[in-house]
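Worksheet: the structure to be examined is printed underneath.
The values are calculated or read from the model by the stated rules, or taken from the named source; none is laboratory data. What you are looking at is a predicted structure, and each value in this text was computed from that prediction instead of being measured. Every residue, glycine among them, receives a Cβ derived from its backbone with ideal geometry; neighbour counts consider all protein chains shown.
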Amino acid sequence: MSFRRYLIFFSLFVGLTWLLSYWLSFYMALASGAYFLMLSGVVLRRERTLHMALMLTAIFTDLSLVLVLELQRSAIETALSMAMSPLQQAHIFCSSLALLLYFPVVILGVKSFFASVSRGKYRAWHMRLGLLALTFRSLGFLFMFSLL
């Protein structure tokens, strides 16, 4: 049942990315699809296996997107040059903080998922940092449209 639901959400991710690519750049469409996958993972957080699969897919997509943008467009150099508008800089700031927060969120989430004794300790910090990462990811998503 869970795998079937994951396939449905992943198919929606691919379809949404394809549909959005008509109006946005491919990279913005991919980032939008990853963001909606992340929101789906938050909504389905009670189904732990599905939550983990959706969130890891969204985070991996975000990290891969940054890597591709760096390799193709020297995104980090452009960001550090400060030649962008304040809204574009806000996008870079919020998105960078979200990316940095992904690492402890994933580590704590995996520890919480596989822990048998001290799950609560990991889970509490996973939820706090996850909410903070989602907040910065949401702000970065909104500011992304300043790049159009």
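Here are some notes:
- Qualifying residue in the range 8-25 (condition: touching a residue at least 24 places away in the same chain (Cβ under 8 Å) and β-branched (Val, Ile, Thr)): no
- Among the criteria (1) within 24 Å of LEU39 (Cβ to Cβ); (2) among the basic types (Lys, Arg); (3) surrounded by fewer than 15 Cβ atoms within 10 Å (Cβ to Cβ), the one LYS111 does not fulfil is (3).
Yes or no, residue by residue, for (1) part of a helix (DSSP H, G or I); (2) small (Gly, Ala, Ser); (3) closer than 26 Å to ILE107 by Cβ:
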position: LEU7; (1), (2), (3): yes, no, no
position: ALA34; (1), (2), (3): yes, yes, yes
position: LEU39; (1), (2), (3): yes, no, yes
position: ARG45; (1), (2), (3): no, no, yes
position: LEU54; (1), (2), (3): yes, no, yes
position: LEU67; (1), (2), (3): yes, no, yes
position: GLU77; (1), (2), (3): yes, no, no
position: GLN89; (1), (2), (3): yes, no, no
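- Residue within the range 33-46 that is within 28 Å of PHE114 (Cα to Cα), of a type in the set (Val, Ile, Thr) and surrounded by 14 or more Cβ atoms within 10 Å (Cβ to Cβ) present: yes
The rows are residues; the columns are (1) of a type in the set (A, V, I, L, M); (2) more than 19 Å from the chain's Cα centre (by Cα).
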| residue | (1), (2) |
| --- | --- |
| LEU99 | yes, no |
| PHE114 | no, yes |
| LEU129 | yes, no |
| THR135 | no, no |
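- Search result, residues across the range 127-142 that are modelled with pLDDT of 95 or more and crowded, with 17+ Cβ neighbours inside 10 Å: LEU129, GLY130, ALA133, LEU134, PHE136, ARG137, LEU139, GLY140
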